[in-house]
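The values are calculated or read from the model by the stated rules, or taken from the named source; none is laboratory data. Just so it is clear, the structure is predicted and the values come from calculations on it, not from any experiment. Heads up, the Cβs are rebuilt from the backbone with ideal geometry, glycines too, and the neighbour counts pull from every protein chain shown. For the accessible areas, the whole protein counts, side chains as well, though only heavy atoms, and no ligand, DNA or RNA atoms are used. Shrake-Rupley method; radii C 1.70, N 1.55, O 1.52, S 1.80 Å.
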Amino acid sequence: MDGVELSMKNISVAYNGDITVLKDVALRARPGEVTGIIGPNGAGKSTVLKTIFGLLSTKAGTISMGDRDITGLKAFQRALEGIAFVPQNRSVFAGLSVYDNLLLGCWPFRKDKARIDRAIDGIFERFPILKEKRATPAGSMSGGQQRFLEIARALVTEPKVILLDEPTAMIAPKISKDIYALTRSLADQGATIILVDQNVRQCATISDRLYILELGRNKAEGTKEDFATDGQLKEMVAEWMNYKIDV
C-alpha cells in the first residue's frame with residue numbers, strides 16, 4: 001500500500017459557527033506509521049478525523065496530503081484522493097449481503113468491472129471470514145465481523161490514508177486483538193494510519209507516534225518511546241488515565 005504524508009496545521013473547527021471544538025490543532029502522519037490520538041472524553045479526537053475526511057469544515061488552518069492542499073475539498077473528493085474513514089458507529093448496510101457492502105465501497109471505480117473483481121478478490125484473500133459469509137446479510141453477523149467488513153470496505157479503494165475511529169469499541173477482546181494486529185500490518189505495508197482510541201495501552205503499543213489532545217488543543221506529542229521514558233509526558237497522561245506503555 002502506498003501511503004502519503006498527511007498534515008494538519010493550525011486547524012480550528014467550530015460547531016454552529018461559534019462553539020469552538022478544535023483550536024490551532026496540528027498533526028503530522030507519515031506513510032508506514034500508525035499515528036495515535038489519545039485524550040480524555042470530549043478532547044476532540046473524533047472531531048479531528050471528521051475534519052480530515054471533510055465531514056466538518058475548518059474555520060482556519062490547512063490540511064495537506066503530500067504537497068497538495070485538500071482543505072477546500074468535500075468528503076467525496078477526499079475519498080477520491082485516497083482517504084478512507086471507518087467511523088466509530090456501525091456503518092454496514094444491514095440488509096445487504098457482505099458482497100454488496102463491499103461492492104458499494106467500489107463506487108469510485110464502479111464502471112471498471114475488472115478492477116472491482118480484483119479488489120473484492122483481494123479482500124476475500126485478506127479476510128477469509130468475509131468470503132465465507134459473502135452472501136450473508138451484514139446485519140446478521142457479529143459485531144466483530146461487522147467491524148472487519150467496515151474496514152474491508154474502506155480498503156477496496158486501496159486508500160493512501162486510513163482513519164480509524166475507536167475500531168475496537170464494544171468489540172470482544174479476542175477480536176480487538178485481531179483488529180489491532182490488522183491496523184499495525186496495514187501500516188507496515190506502507191499505509192498512513194491515523195487511529196483514535198480510548199484504549200491507551202493498545203493504542204500506544206501499536207503506534208509509532210502519539211498525540212495527546214485536551215479541550216480541543218494539542219497538549220503533547222512524541223514517539224512511543226518518548227511516552228514510555230519521558231517523565232513529564234507520562235505525568236500528562238496519568239492526569240486522566242492510569243496506563244502503562246509497553247515498548
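For this structure, a couple of remarks:
- In region 13-39, residue modelled with the lowest pLDDT [restricted to those that are crowded, with 17+ Cβ neighbours inside 10 Å and more than 16 Å from Thr192 (Cα to Cα)]: Gly39
- Ala60 satisfies every condition listed in (1) open to solvent by 20 Å² or more (accessible area, probe 1.4 Å); (2) among the hydrophobic types (A, V, I, L, M, F, W, C); (3) out of contact with any Ser or Thr (no Cβ under 6 Å at 6 or more places or on another chain) except (3).
- Checking each residue in region 76-95 for being aromatic (Phe, Trp, Tyr) and either in contact with a strand residue (DSSP E or B) (Cβ under 8 Å, 6 or more places away or on another chain) or touching a residue at least 60 places away in the same chain (Cβ under 8 Å) (or both) picks out only Phe85.
- Verdict on Leu80 being aliphatic (A, V, I, L, M), touching a Phe, Trp or Tyr at 6+ places or on another chain (Cβ under 8 Å) and open to solvent by 70 Å² or more (accessible area, probe 1.4 Å): no
- Summed over region 101-127, residues that are assigned to a helix (DSSP H, G or I), closer than 25 Å to Ser176 by Cα and open to solvent by less than 60 Å² (accessible area, probe 1.4 Å) total 8.
- Restricting the search to strands (runs of 3 or more DSSP E) fully inside region 128-234 and requiring at least 1 residues that are in contact with a helix residue (DSSP H, G or I) (Cβ under 7 Å, 6 or more places away or on another chain) and open to solvent by 40 Å² or more (accessible area, probe 1.4 Å) gives 217-223.
- Test: residue in region 142-151 that is of a type in the set (Gly, Ala, Ser) and modelled with pLDDT of 95 or more: no
- Condition check for Gly54: in contact with a helix residue (DSSP H, G or I) (Cβ under 7 Å, 6 or more places away or on another chain), surrounded by 15 or more Cβ atoms within 10 Å (Cβ to Cβ) and modelled with pLDDT under 95: no
- Only a single criterion out of (1) of a type outside the set (Val, Ile, Thr); (2) surrounded by 14 or more Cβ atoms within 10 Å (Cβ to Cβ); (3) outside any helix (DSSP H, G or I); (4) in contact (Cβ under 8 Å) with a residue 24 or more places away in the chain is not satisfied by Leu73, namely (4).
- Residues of region 49-67 classified as over 15 Å from Leu213 (Cβ atoms) and assigned to a helix (DSSP H, G or I), total: 1
- Total residues in region 83-95, condition assigned to a loop (DSSP other than H, G, I, E, B), in contact with a Pro (Cβ under 9 Å, 6 or more places away or on another chain) and open to solvent by less than 60 Å² (accessible area, probe 1.4 Å): 1
- So Val98, is it crowded, with 17+ Cβ neighbours inside 10 Å and touching a strand residue (DSSP E or B) at 6+ places or on another chain (Cβ under 9 Å): yes
- Among the residues making up region 1-45, those that are closer than 16 Å to Thr58 by Cβ and outside any strand (DSSP E or B) are Asn16, Gly17, Asp18, Gly44.
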